[in-house]
Amino acid sequence: MRLLLVEDNRRLNQSLRLSLVDNGYAVDAAFDGEEGLEMAEMTAYDAIILDIMLPKKDGLEVCRELRRQRIRTPVLMLTARDTVEDRVLGLDQGADDYLVKPFAIEELCARLRALMRREAEDRGGLLVVGDLVLDPATHRVTRQGQEIDLTAKEYSLLEYFMRHPNRLITREMAESHVWNYDFVSTSNVVDVYVRRLRRKIDDPFPAKLFETVRGAGYRLIKPGGISGGISGGISGGQ
């Protein structure tokens, strides 16, 4: 999943970014409120981590402006002040959750997972598509009870598909949610990673979950969900 981190303390920003990347997230960093607001307006992030005390525009103003523009991306506020009034003010401006500094990276990741569960149709902790199970808390993936070993990027792409079963995922959508601005794209990077996932997720099992929508992208089919041709039909290629 792709996050926007808005924190003006560059040392903390860098530390959080590296820790989040280690936990499988793609992270874009901003260092003031104006930059953060501009990035949030341009990119569909899965969640925004937003410090309150920021130069140029504070976090409350940024959050208020996002909600005014009907941008519903979940916002997790960071603050050094632990008072009821501060928390209430942030939540009233449209924040979804609040975390007081200092905090453990494990708690930050747990709160991010909770925010994403709120956005999902299935509010349970596990992501399940047929006999394929992904646990966001442990990054464990199994199919028919067999553990599947994935790289960090393979895991991130699979998680994105599993959060949107039966939906067409274009290559552009996959790139924008799984890779950050620092990534130098190649024309077939999504195809390469989907092929890797197919070798691990589909090839060893009789039922195939990934479908290719020719000329458009891919779809992870949930048993009992939709299937059929779009944009010239579906093939098992790629």
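The values are calculated or read from the model by the stated rules, or taken from the named source; none is laboratory data. Because the structure is a prediction, the values reported are computed rather than measured. Note: ideal-geometry Cβ built from the backbone for every residue, glycine included; neighbour counts use all protein chains shown.
In the range 98-112, what residues are assigned to a loop (DSSP other than H, G, I, E, B) and among the small types (Gly, Ala, Ser)? Give the steps one after another, and end with the answer.
Within the range 98-112, the subset assigned to a loop (DSSP other than H, G, I, E, B) is 101-104.
Across the range 98-112, the qualifying residue is only 104.
State the number of residues belonging to the range 149-163 that are more than 14 Å from residue 25 (Cβ to Cβ) and surrounded by fewer than 17 Cβ atoms within 10 Å (Cβ to Cβ).
Result for the range 149-163: 2.
With 72, 11, 68, 2 as the choices, which residue is out of contact with any Asp or Glu (no Cβ under 8 Å at 6 or more places or on another chain) and either under 28 Å from residue 158 (Cβ atoms) or outside the structural domain of residue 115 (by TED's automatic domain parsing) (or both)? Give the steps one after another, and end with the answer.
Values: 11 fails: either under 28 Å from residue 158 (Cβ atoms) or outside the structural domain of residue 115 (by TED's automatic domain parsing) (or both); 68 fails: either under 28 Å from residue 158 (Cβ atoms) or outside the structural domain of residue 115 (by TED's automatic domain parsing) (or both); 2 fails: out of contact with any Asp or Glu (no Cβ under 8 Å at 6 or more places or on another chain).
Of the residues listed, the single one that is out of contact with any Asp or Glu (no Cβ under 8 Å at 6 or more places or on another chain) and either under 28 Å from residue 158 (Cβ atoms) or outside the structural domain of residue 115 (by TED's automatic domain parsing) (or both) is 72.
Tell me, which residue of the range 156-189 that is closer than 21 Å to residue 136 by Cα and touching a Lys or Arg at 6+ places or on another chain (Cβ under 6 Å) is modelled with the lowest pLDDT?
Step by step, filter the range 156-189, then rank; the result is 177.
Could you please let me know if residue 20 is touching a residue at least 24 places away in the same chain (Cβ under 8 Å), in a helix (DSSP H, G or I) and either closer than 22 Å to residue 104 by Cβ or among the basic types (Lys, Arg) (or both)?
Yes, satisfied.
State yes or no: is residue 95 touching a residue at least 60 places away in the same chain (Cβ under 8 Å), outside any strand (DSSP E or B) and in contact with a helix residue (DSSP H, G or I) (Cβ under 7 Å, 6 or more places away or on another chain)?
On the way: touching a residue at least 60 places away in the same chain (Cβ under 8 Å): no; outside any strand (DSSP E or B): yes; in contact with a helix residue (DSSP H, G or I) (Cβ under 7 Å, 6 or more places away or on another chain): yes.
Judged against the criteria, residue 95 is not a match.
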